[in-house]
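Working notes, beginning with the structure itself.
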Amino acid sequence: MKIILVGGGGREDTILKAVIKNPDIEKIYSIPGNAGSANFNRVERVNISAEDINKITDFAVENNIDFAIVAPDDPLALGLVDMLEAKNIKCFGPNKLAAEVESSKIFAKSLMKKYNIPTADYEIFNDVDSALSYVAKSDYPLVIKADGLAKGKGVVVAESFKQAREAVLNCLKSKIFGQSGEKIVIEKFLTGHEATVMAFTDGKVIIPMISSMDHKRALDGNKGSNTGGMGVIAPNPFYNSELENFCMNKIFLPTLNALNSEGRKFKGCLYFGLMLHDDNTASVIEYNSRFGDPEAEAVLPLLKTDLFEIMRAVSEERLSDIKIEFEQKYSCCVILASGGYPGRYLTGNEITFDDEALSKIPNVQIFHAGTKFADGKFLTNGGRVLAVNAVADEPETARLNAYEAVNNIKFDNMFYRHDIGTSHLKK
């Protein structure tokens, strides 16, 4: 089989390194990919933007592609799956209508309200005066969300009226997010422990993966700016069996049924961002229509079942025929970032790996995110550069091994959090 994998970050490198194990795959075209694919002779990078859905579709048709994995949010929201399936190319990933659970916060919140899926109370605004009047009389903290996709920057947790006012004006007046911020959701701030559960679904059944805990803040101690994620541990230490049962019966299955009732059959990876409460209940913070990044880099290394076989079963709506198994182990993933991220940062710094030392650390994988390969060297090419993951029988061993691997990777202005896998113990 010849397949295309759309996307170019750490999530896509993780998917690539999992699916390439399948012997049925003759060739993977990585669109646009990154330097992580340089080690595989069955992988070819294609210099097309992940958002150029017309060019991707033309490429797939011209090259007789059998299967497409559409991993990032933007091409899903733009309808790439719809275009590929119209050309009889099977896909892993939801169509445009189903992907709206992520591409529109307003749709997602309205869906949850209509079908009694637990989430924070909220209001919707599209004019400045009404929104400012609301935040002026609200309790804090308060969460302000741009309706559409905003490269992970469309959510502000406001601690004061001043911060809320700035967030409202940025969206509705300055329009820093363009059309994505023409409407906003303002919602009550939830307390508890955050968790992510990603699930495979073919629209008929839903099979949750191992839970995980992301670390969004840039600095140790959960301080600093919000980022796309600075590290992940799996499983989430707060996600117990009671919560698992609650989420399946009150959140996962109801969401699947709600989407079907709305004529939006979801086929792919459905991501649940959850707030876990002390009474073993949970609320939905957000849905994503794809694997999380960097959650995928921590969860997929625990997957025992062939990922590509799961993806084919999802596409063909026969997921119930697949037995999905995960290692009963622990995963710790540390993100190595460029200094200045998530703000301004420099690229083009050479990355060096002590391959001999790294080879002696058990069950470590290094996933490329913001990298490129030029003149025989790996160079930084983004904010989040590498994801370093370790799997072990005990969580502390996984953490120590991940950081031992980190210590054998160097580039100028490299920074990372030192408390991935321990930050939750301080709460």
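What to note about this one:
- Taking the stretch 244-259 as the range and being out of contact with any helix residue (DSSP H, G or I) (no Cβ under 7 Å at 6 or more places or on another chain) and either part of a loop (DSSP other than H, G, I, E, B) or open to solvent by less than 60 Å² (accessible area, probe 1.4 Å) (or both) as the test, the residues that pass are PHE246, CYS247, MET248, ILE251, PHE252, PRO254, THR255, LEU256.
- Residue within the stretch 70-90 that is open to solvent by less than 30 Å² (accessible area, probe 1.4 Å), of a type in the set (A, V, I, L, M) and farther than 26 Å from GLU26 by Cβ present: yes
- Residues in the stretch 305-338 that are of a type in the set (S, T, N, Q), in a helix (DSSP H, G or I) and open to solvent by 40 Å² or more (accessible area, probe 1.4 Å): SER320 alone.
- Residue satisfying condition, being under 22 Å from the mean Cα position of the chain (by Cα), of a type in the set (S, T, N, Q), at pLDDT below 95 and open to solvent by less than 50 Å² (accessible area, probe 1.4 Å), within set SER30, SER37: SER37
- Residue match in the stretch 339-358 (condition: closer than 24 Å to PHE238 by Cβ, in contact with a strand residue (DSSP E or B) (Cβ under 7 Å, 6 or more places away or on another chain), of a type outside the set (Phe, Trp, Tyr) and open to solvent by 40 Å² or more (accessible area, probe 1.4 Å)): no
- Of the candidates PHE189, PHE125, PHE161, the single residue that is open to solvent by 80 Å² or more (accessible area, probe 1.4 Å), of a type in the set (A, V, I, L, M, F, W, C) and more than 30 Å from LYS265 (Cβ to Cβ) is PHE161.
- Identity of the residue in the stretch 272-304, farther than 28 Å from ALA77 by Cβ and among the polar types (S, T, N, Q), that ends up surrounded by the fewest Cβ atoms within 10 Å (Cβ to Cβ): ASN280
- Residue selection: ALA50 fails the criterion of being modelled with pLDDT under 95, of a type in the set (A, V, I, L, M, F, W, C) and within 22 Å of ALA296 (Cα to Cα).
- Residue within the stretch 375-384 that is in contact with a helix residue (DSSP H, G or I) (Cβ under 8 Å, 6 or more places away or on another chain), surrounded by 15 or more Cβ atoms within 10 Å (Cβ to Cβ) and basic (Lys, Arg) present: yes
- Where strands (runs of 3 or more DSSP E) sit wholly within the stretch 3-120, those with at least 1 residues that are without any contact (Cβ under 8 Å) to a residue 60 or more places away in the chain occupy 27-32, 43-45.
- The number of residues in the stretch 272-296 that are within 24 Å of ALA68 (Cβ to Cβ) and outside any strand (DSSP E or B) comes to 8.
- All positions within the stretch 42-69 that are of a type in the set (Lys, Arg) and within 19 Å of ASP24 (Cα to Cα): ARG42
- PHE238 being under 17 Å from GLU295 (Cβ atoms) and modelled with pLDDT of 95 or more: yes
- Every pair of residues 6+ apart whose Cβ atoms lie under 6 Å, when the first sits in the stretch 325-347 and is touching a residue at least 40 places away in the same chain (Cβ under 8 Å) while the second is among the charged types (D, E, K, R) and not in a loop (DSSP other than H, G, I, E, B): CYS332/ARG399; CYS333/GLU297; ILE335/ARG384; ALA337/ARG384
- Only residues that are assigned to a strand (DSSP E or B) and not basic (Lys, Arg) were counted in the stretch 201-243, giving 16.
- Flag for CYS269 being of a type in the set (A, V, I, L, M, F, W, C), in contact with a strand residue (DSSP E or B) (Cβ under 7 Å, 6 or more places away or on another chain) and either more than 22 Å from ALA150 (Cβ to Cβ) or assigned to a helix (DSSP H, G or I) (or both): no
- Of residues in the stretch 406-422 being under 15 Å from GLY231 (Cα atoms) and of a type in the set (Phe, Trp, Tyr), the one surrounded by the most Cβ atoms within 10 Å (Cβ to Cβ): TYR416
The values are calculated or read from the model by the stated rules, or taken from the named source; none is laboratory data. In this text the structure is predicted, and so the values were computed from the model without any measurement. Positions of Cβ are backbone-derived with ideal geometry, glycine not excepted, and every protein chain shown enters the neighbour counts. Surface areas here come from the heavy atoms of the whole protein model, side chains and all, with no ligands, DNA or RNA. Shrake-Rupley method; radii C 1.70, N 1.55, O 1.52, S 1.80 Å.
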